[in-house]
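Q: What follows is a single structure, and I will ask about it in a moment.
The values are calculated or read from the model by the stated rules, or taken from the named source; none is laboratory data. Please read these numbers as outputs of a predicted model, since none were measured by experiment. Don't worry about glycine lacking a Cβ; one is built from the backbone with ideal geometry, like all the others, and counts go over all protein chains shown. Remember, those area values only see protein heavy atoms, side chains included, never the ligands or the DNA or RNA. Shrake-Rupley method; radii C 1.70, N 1.55, O 1.52, S 1.80 Å.
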Amino acid sequence: MYLEIVSPETTLFKGEVDSVSVPGANGEFEMLNNHAPIVSILKEGFVKIRGSINLDENNASKFEQKEKGYWLAISSGTIEMNANKIIVLAD
């Protein structure tokens, strides 16, 4: 799957991932390859990405390495997944 995480300031991450977990408005959920299309509001929590991740050196400090992946703290946002492409707009 292709993931892009965008903040108001910059693109924090873009690349191929194995899975993404996000703090949805109704609870945390995870997306894997070929997940059904979805649009959701995100609440405060962590975007958790797993896979062979290569972080941009300018944004690496915003991520924490945990549990075989990387976590990004967000205060709110939205997510859209369609055709194995995920876009997270994060604050």
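Q: For the range 61-91, which residues satisfy the criterion of being touching a strand residue (DSSP E or B) at 6+ places or on another chain (Cβ under 7 Å) and of a type in the set (S, T, N, Q)?
A: Matches in the range 61-91: Ser76, Thr78, Asn84.
Q: Does the range 37-69 hold any residues that are charged (D, E, K, R), modelled with pLDDT under 95 and either assigned to a loop (DSSP other than H, G, I, E, B) or exposed (fewer than 10 other Cβ atoms within 10 Å of the Cβ) (or both), and which are they?
A: Let us first name the residues in the range 37-69 that are charged (D, E, K, R), namely 43-44, 48, 50, 56-57, 62, 64, 66-68.
Filter again for modelled with pLDDT under 95, leaving 56-57, 66-68.
Selection gives Asp56, Glu57, Glu67, Lys68.
Q: Identify, please: which residue in the range 9-25 is touching a residue at least 12 places away in the same chain (Cβ under 8 Å) and open to solvent by 70 Å² or more (accessible area, probe 1.4 Å) and is, among those, nearest to Ile74 (Cα to Cα)?
A: Lys14
Q: Considering Met31, Met81, which residue is in contact with a His (Cβ under 8 Å, 6 or more places away or on another chain) and surrounded by 19 or more Cβ atoms within 10 Å (Cβ to Cβ)?
A: Answer to the check: Met81.
Q: In addition: Any residue in the range 70-91 that is within 13 Å of Phe46 (Cβ to Cβ) and in contact (Cβ under 8 Å) with a residue 12 or more places away in the chain sitting within a Cβ distance under 9 Å of a residue that is open to solvent by 60 Å² or more (accessible area, probe 1.4 Å) and of a type in the set (Gly, Ala, Ser)? List the pairs, counting only those 6 or more apart or interchain.
A: Ala90/Ser75
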